[in-house]
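Worksheet for the structure shown next.
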Amino acid sequence: MCGIAGIIFKTPGTNQVLGRALVDMLDGCQHRGPDSTGFALYEDGIKGLRLRFLTGEDSAAIERIRAALADQKATIIKEKREGATFVVDVEYQGDIQPFAYAMEHAAKLVSIGSSLDIIKDVGTSHDLDKTYHISEIRGSHGIGHVRLATESDVKPEAAHPFWATGFADVAIVHNGQITNYWKMRRRLEARGFEFRTDNDSELIAVYVADKLAQGIKLEKALEQSVDDLDGTFSFLVSTKDGIGFAKDRLAAKPMVMYEDDGLVAIASEEVSLNRLFPGKPLSTTEPAPGTFRTWSRSI
Amino acid sequence: MVTIDLSQVSVRDGNELLRAAASRGEDIEVLNPDARHHIGVGLVAPVSVKVKGSAGYFCAGLSHGARFEVESNVGWGVGDSMYAGSVVVGGNAGAIAGVALRGGEVVVKGNLGSRAGQVMKAGTLLCCGKASFLAGYMMYGGRIIILGDSGERVGEDMSAGAIFVGGKVQSLGSDAKIAETTAEDEASIREFLARYGVKFDGPFTKIVNAGTKLRYGVNEPISRPLPHTVFSEGETYWNAKVVEDIHAKSLIGRYRIRGYGASKAVPHLGDIALKIDPSRLSAAQDALKTVNLAMTLGDRHGAVPLKLSMPVLNEDCTGARLEDGGHCREHRRRRHAGGAARRSRTAHLPVPVRAARLEHPRHAARRRP
């Protein structure tokens, strides 16, 4: 069991209490995953590219990051340590994938994006909010996850969301088990992708990255994922422009949607959606088995 | 009337209050449920509970006699293992609505999620909208009424009970069949609908178990105690059950039914994962050099090892290339050809076996003059 949640505000420039909304939604379904929590937030006002690393107390890692950035000809605009992470905004022109792999070899890279910021750690959504001040973050859309570890360790790097390696601003959160994990992983490794964990959810992120690399549109990639991935899954994917979901044909993992004029919210359980509208019965829908959908900011 | 506000107390505390009020025979109103789970679980008094909003998972589960009304939606497993009483849901229900129902009545005014009425034994589950796939999955009693479309594979692996569909039957599950709706069925359904104020005039399609699965021509024998050795040292492989199983198999030619078993499909070509992207292999590489068909057995503890090896065969004895699928084609051609060709087919089969070389010292010695 794990819990997922996603939200997109339809109107640009309004109603952008993104962090607060996701903290509440994940708190609503924290019973589905008390081990770790994570957020992929699309923030307003990031200058250049934002890179977030898991460094813990390792100061040597920060030195390695600075050296690797210099090596890649990336100029640091701003840097800070936050919780177990090190955040750095840089000016960088060039291919993201080789840059990302070079940075990943320097330290544990969590995300790269011009608006994406992935914040994940062990603990509950309120724990993370205290450390990373998530509820103050304003933005257009985001996804989040509460994790009950089943397939790999309880550690920050195994928490969701996973960044789609090599693709700026793409992230996924997943509830389920991918049963053809090793087969798919070997295929992707043969195509030059690298894996950082044994977590089956990382596979979805890399899978989506591979499809995008081939020039396939996100919606098409989600459609193909329903055929290509085996097991039980409900996952959300987010890009710079919007969010989407895919759900397996067995519908063994729950997902509920709510949509009104102002926003679209998706979560594992209605109890998360209700956190956005306390005391109000919602008219929700359950996506049909084996379906996928995307919403973008241009709707 | 007692009011419980779930924005003020936790569900656990709320359920305690609920049970306390119910034991006094008081009706209850639950405010701000906000789709929280386990509301009203284990309530065993015949009181009325009004949930003003949506309820989460397992609402009214394990209850006995209470009458629940949920204003909006419910999550998964509404009325799970309910024994008696009723739940009326104003909106939609998530997956496994009425799972393991042991009696009572569950009425959903909206749509049902997947696997509704799974393993239900008795009682009635009514859906006024559409059901998702696998409604009535493994049900073994009771009645499901779906006024809209049935969803796919309705009645999958049901063994008893009946499903009545007012809309379209999208597809039948395995071991389910359509039967004739009797006048008694019809009258009973109409009475049920009228009792809950649901209007529906259309006809129903009745779905029941077809009786083709999990039934065998030869019955399992009535077990009788068989003599078997019992060792004083305690449990061994041989016990009364094992002996009985073997006896049953000797009589009926198959193992007795234990659970559902599992089938393993033959591996598909798509299951092969290549470590190297085939598009990166160049034609100049000699793939055969990398293949080693040799092994050594029993080379531990100072024993004389057995070395087995065989050459890599990239052509069969007929000369048809394996890469072209020639072996299979050749094989098929010969099978469809006349008797002469058929004889030659038997001649080429043992060749790869002869190609294997056995290098055990004892065999080598035997070959020497």
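Brief remarks on what is shown
- When restricted to residues that are under 18 Å from residue A:245 (Cβ atoms) and among the aliphatic types (A, V, I, L, M), region A:184-205 contains 3.
- Top-ranked residue in region B:59-69 [being within 19 Å of residue B:10 (Cβ to Cβ) and crowded, with 24+ Cβ neighbours inside 10 Å; ranked as nearest to the other protein chains (Cβ to nearest Cβ)]: B:59
- Unmet criterion (only one of (1) within 13 Å of chain B (Cβ to nearest Cβ); (2) under 24 Å from residue A:268 (Cα atoms)) for residue A:189: (2)
Residue-wise test of (1) outside any loop (DSSP other than H, G, I, E, B); (2) buried (at least 24 other Cβ atoms within 10 Å of the Cβ).
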site	(1), (2)
B:115	no, yes
B:119	no, no
B:130	no, no
B:135	no, yes
B:138	no, no
B:141	yes, no
B:144	yes, yes
B:152	no, no
B:158	no, yes
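- Whether a residue is crowded, with 22+ Cβ neighbours inside 10 Å, within 14 Å of chain A (Cβ to nearest Cβ) and in contact with a Lys or Arg (Cβ under 6 Å, 6 or more places away or on another chain) was assessed, and residue B:56 passes this test.
- Restricting attention to region A:68-120, the residues that are polar (S, T, N, Q) and closer than 16 Å to residue A:47 by Cα total 5.
- Filtered residues of region B:78-106 (kept if in contact with a strand residue (DSSP E or B) (Cβ under 9 Å, 6 or more places away or on another chain), buried (at least 24 other Cβ atoms within 10 Å of the Cβ) and more than 9 Å from chain A (Cβ to nearest Cβ)): B:78, B:79, B:82, B:85, B:87, B:89, B:93, B:97, B:98, B:101, B:104, B:106
- When the strands (runs of 3 or more DSSP E) confined to region A:194-290 are screened for residues that are more than 27 Å from residue B:52 (Cβ to Cβ), those reaching at least 1 such residues are found at A:231-238, A:242-247.
- Qualifying residue in region A:11-18 (condition: at pLDDT 95 or above, touching a Lys or Arg at 6+ places or on another chain (Cβ under 7 Å) and not polar (S, T, N, Q)): no
- Number of residues in region A:249-287 that are facing another protein chain (nearest Cβ under 7 Å) and without any contact (Cβ under 8 Å) to a residue 24 or more places away in the chain equals 4.
- Against the list (1) closer than 24 Å to residue A:255 by Cβ; (2) of a type outside the set (A, V, I, L, M); (3) assigned to a helix (DSSP H, G or I), the condition residue A:176 fails is (3).
- Among residues of region B:26-36, those that are crowded, with 17+ Cβ neighbours inside 10 Å, touching a strand residue (DSSP E or B) at 6+ places or on another chain (Cβ under 8 Å) and over 11 Å from residue B:4 (Cα atoms), counted: 2
- Counting only helices (runs of 4 or more DSSP H) that sit wholly inside region A:33-138, those with at least 1 residues that are hydrophobic (A, V, I, L, M, F, W, C) and surrounded by fewer than 19 Cβ atoms within 10 Å (Cβ to Cβ) are A:59-71, A:96-106.
The values are calculated or read from the model by the stated rules, or taken from the named source; none is laboratory data. This one's a predicted model, so the numbers in the text were calculated from it and none came from an experiment. All Cβ positions, glycine included, derive from the backbone under ideal geometry; neighbour counts span all protein chains shown.
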